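*Asks:* I'd like to ask you about the structure that follows.
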Amino acid sequence: MDVRPVIVMTGATNGMGRLAALDLARRGARLGIVARSRPKADALRQEIEQVAPGTPIDVFPADLSLLAEVRRAGEEITAHYPRIDVLINNAGLHAFSARVTSDGYAEMTAVNYLAPWVLTDALRDRLTASAPARIVTVASRASLRAGTIDPLKDLTDTADFTRRGSSPRYGRSKLMDIMFTQELGRQLQGTGVAVTCCCPGFNATGLGRELPLAGALEKVLAALNIGNPQHGADIIVKLATDPEFAGSAGGYFAAKTAEPLQCPEIGRGEAVQRSLWEATAELVHDIRRPHSA
């Protein structure tokens, strides 16, 4: 009987997600990787085999910008694992120009917020049945740049924006992650499922892939030890494994220190967090679990 904890993770093939996956493998986890690129997933598998030989790794292909694929991946994961110990929603992007998915959502909203929501929803019953279990979502203090939050409007906003205007849009998607975490924490309180999110700190890996000279800037920052993705990986692993966070019901924590952070004021109230939850549930109603409330 395999007693390894099962950890399902998005965004594990690059940056801090890759570092977190390597660390979790060293700690004896069985990894379920949700990834769009099979070659990148295979490369991660080979790297893990070098540092933690024999680690079981299962790959579930999905484009996280397409919610039906996210839902399908969730169904496949549930069918594959009789228990899930941890779900880590790590994948995310900062787009510097407006792109709309074939579902009709802004790409950043889809990948950064709607995909984690749908995947968590799909795995929720299995996680609850597996308690003690954990859900970890990567948010960001970029949420402070959101400026405003209007759930009904922001979820479906596909308006164009400039490179400079991308910052509040990215921040808003990460604010939604914090709000989602805190509402989910209330809903799952007493079930044995710990719910947390984190700010991984400034991460230079993959910095602004769409920006001119981004590669050169990343190398300079790495040489100066600025934006080290290991800090983000460390807080992800800590929230996923450390007994200190086993009872958290919606906590938001900082990289390096793991100090508690507050949700930005505009998204802090229980009423607005519930409003976002309800608006999201209605928006994705057609692809949710048939038995979802």
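The values are calculated or read from the model by the stated rules, or taken from the named source; none is laboratory data. Computed from a predicted model, the values in this text were never measured in an experiment. So basically every Cβ, Gly included, is an ideal-geometry build from the backbone, and we count neighbours across all protein chains shown. Accessible surface is based on the protein model in full, side chains and every heavy atom, while ligands, DNA and RNA are left aside. Shrake-Rupley method; radii C 1.70, N 1.55, O 1.52, S 1.80 Å.
*Asks:* Tell me the label-point distance for the pair R72, Q230, using the 7 Å Cα-to-Cβ offset, in nm and rounded to one decimal.
*Replies:* 3.9
*Asks:* Quick one: which residues, 5+ away or cross-chain, put their amide H under 5 Å from the amide H of A35? H built at 1.01 Å from N.
*Replies:* Under 5 Å from the amide H of A35 lie the amide H atoms of F60, A62, each far enough along the sequence or on another chain.
*Asks:* Compute the length gained on full extension between A79 and D242: take 0.36 nm times their separation in residues and subtract their Cα-Cα distance, giving the result in nm to one decimal.
*Replies:* Length gained between A79 and D242: 55.9 nm.
*Asks:* Full extension from A129 to K256: what is 0.36 nm times the residue separation minus their Cα-Cα distance, to one decimal in nm?
*Replies:* 42.5 nm
*Asks:* Around D242, what is the net charge, scoring Lys/Arg as +1 and Asp/Glu as -1 over all other residues with Cβ under 13 Å from its Cβ?
*Replies:* Local charge sum for D242: 0.
*Asks:* Between R27 and S102, what length comes free when the chain is fully extended (0.36 nm per residue of separation minus the Cα-Cα distance, one decimal in nm)?
*Replies:* Here the segment from R27 to S102 would lengthen by 23.1 nm.
*Asks:* Per the 1.4 Å probe, what fraction of the accessible area of the chain, in percent, lies on carbon and sulfur atoms?
*Replies:* Looking at the chain in its full context, I get 53 percent from C and S.
*Asks:* Tell me the mean residue ellipticity at 222 nm calculated for the chain from its helices only (DSSP H runs of n ≥ 4, each -39500 (n - 2.57), averaged over every residue, nearest 500).
*Replies:* The helix contribution divided over the chain gives -13000 deg cm²/dmol.
*Asks:* Under a point spin-label approximation (7 Å from Cα along Cα-to-Cβ), what is the D42-L144 distance to one decimal in nm?
*Replies:* 4.4
*Asks:* Which FRET efficiency value, to the nearest 0.05, is calculated for K153 and R4 with the Förster distance at 35 angstrom and r the Cβ-Cβ distance?
*Replies:* Here the calculated transfer efficiency is 0.20.
*Asks:* Accessible area of L93, 1.4 Å probe, to the nearest 10 Å²?
*Replies:* For L93, solvent-accessible area is about 40 Å².
*Asks:* Can you compute the FRET efficiency between E270 and V51 using 1/(1 + (r/R0)^6), with r the Cβ-Cβ distance and R0 = 35 Å? Round to the nearest 0.05.
*Replies:* With a Förster radius of 35 Å, E is 0.25.
*Asks:* Could I ask something else about it? What's the magnitude of the charge dipole for the range 155-204 around its Cα centre, counting Lys and Arg as +1 and Asp and Glu as -1 at the beta-carbon? Answer in Debye, nearest 20.
*Replies:* With only Lys, Arg, Asp and Glu charged at Cβ, the dipole is about 180 debye.
*Asks:* Still on this structure, please answer the following. Can you list residues from other chains, or at least 5 along the same chain, whose modelled amide H is less than 5 Å from the amide H of R134?
*Replies:* Excluding prolines and chain starts, which carry no amide H, the hits are V86, L87, A194.
*Asks:* Just to confirm, what accessible area per residue do you get for the chain at 1.4 Å probe, in whole Å²?
*Replies:* Per residue, the chain has an accessible area of 44 Å².
*Asks:* Further, regarding this structure: Please work out the FRET efficiency for the pair T191 and R163, using the Cβ-Cβ distance as r and a Förster radius of 35 Å; give the result to the nearest 0.05.
*Replies:* Working from the Cβ atoms, E equals 0.25.
*Asks:* If you don't mind, another one. Grab the chain and count how many Lys pairs have their alpha-carbon atoms under 23 Å apart, sequence gap of 8 or more, or different chains.
*Replies:* 6
*Asks:* Follow-up question, since we're still on this one. Per Stokes-Einstein, at 20 °C and 1.002 mPa s, what whole-number D in µm² s⁻¹ belongs to the chain, with the Kirkwood radius over Cα pairs as the hydrodynamic radius?
*Replies:* 113
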